[in-house]
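Visitor: I'd like to ask you about the structure that follows.
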Amino acid sequence: MAIPSNLVREKARTARYVVVVEMNMGQVLQSVKLAVDKPERIFLANRVDGVLITPADIRNILRLIQGKGV
C-alpha cells in the first residue's frame, strides 16, 4: 500500500503517539512505521472480526499506551 510518506513523517514528527486505526492485521501500520523517524511511537488499534472499531476502543488503546490500563 502506498501512503504519503512525507506527509505522515511530517505530521508524526511532533506527535507524542500515533495510533493507526485499521480493519485488518496491521498492513497500514507497517507502512506508517517505515515512513516515520520514531516507529516506537506508532501503535495499532485494529479489529479483524468485522465489528467496527469504536471511539471507546481507541480510547482504551490510548490509555494502555499512557500506562493507565483500560
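Visitor: Just give me the residues in the stretch 34-62 being of a type in the set (Asp, Glu) and under 23 Å from Ala2 (Cα atoms), in sequence order.
Guide: Within the stretch 34-62, Asp37, Glu40 meet the criteria.
Visitor: Restricting to the stretch 41-61, what's the tally of residues that are β-branched (Val, Ile, Thr) and open to solvent by 50 Å² or more (accessible area, probe 1.4 Å)?
Guide: 4
Visitor: Kindly list, by first and then second residue, each pair from a residue in the stretch 38-51 that is acidic (Asp, Glu) to a residue that is open to solvent by 60 Å² or more (accessible area, probe 1.4 Å), limited to pairs with Cβ atoms under 9 Å and residues at least 6 apart or on different chains.
Guide: From residues that are acidic (Asp, Glu), the pairs are Glu40/Lys33.
Visitor: Further, regarding this structure: Among the residues of the stretch 16-32, which ones are among the charged types (D, E, K, R) and open to solvent by 70 Å² or more (accessible area, probe 1.4 Å)?
Guide: Across the stretch 16-32, the qualifying residue is only Arg16.
Visitor: Look through Lys38, Lys68 and report the one residue that is open to solvent by 90 Å² or more (accessible area, probe 1.4 Å) and under 21 Å from Glu10 (Cα atoms).
Guide: It is Lys38.
Visitor: Report those helices (runs of 4 or more DSSP H) wholly inside the chain carrying at least 1 residues which are hydroxyl-bearing (Ser, Thr, Tyr).
Guide: By residue number, 5-12, 27-35.
The values are calculated or read from the model by the stated rules, or taken from the named source; none is laboratory data. Just so it is clear, the structure is predicted and the values come from calculations on it, not from any experiment. In this analysis, Cβ positions are derived from the backbone assuming ideal geometry, glycine residues included, and neighbour counts consider all displayed protein chains. Side chains included, ligands, DNA and RNA excluded: accessible areas come from the protein's heavy atoms. Shrake-Rupley method; radii C 1.70, N 1.55, O 1.52, S 1.80 Å.
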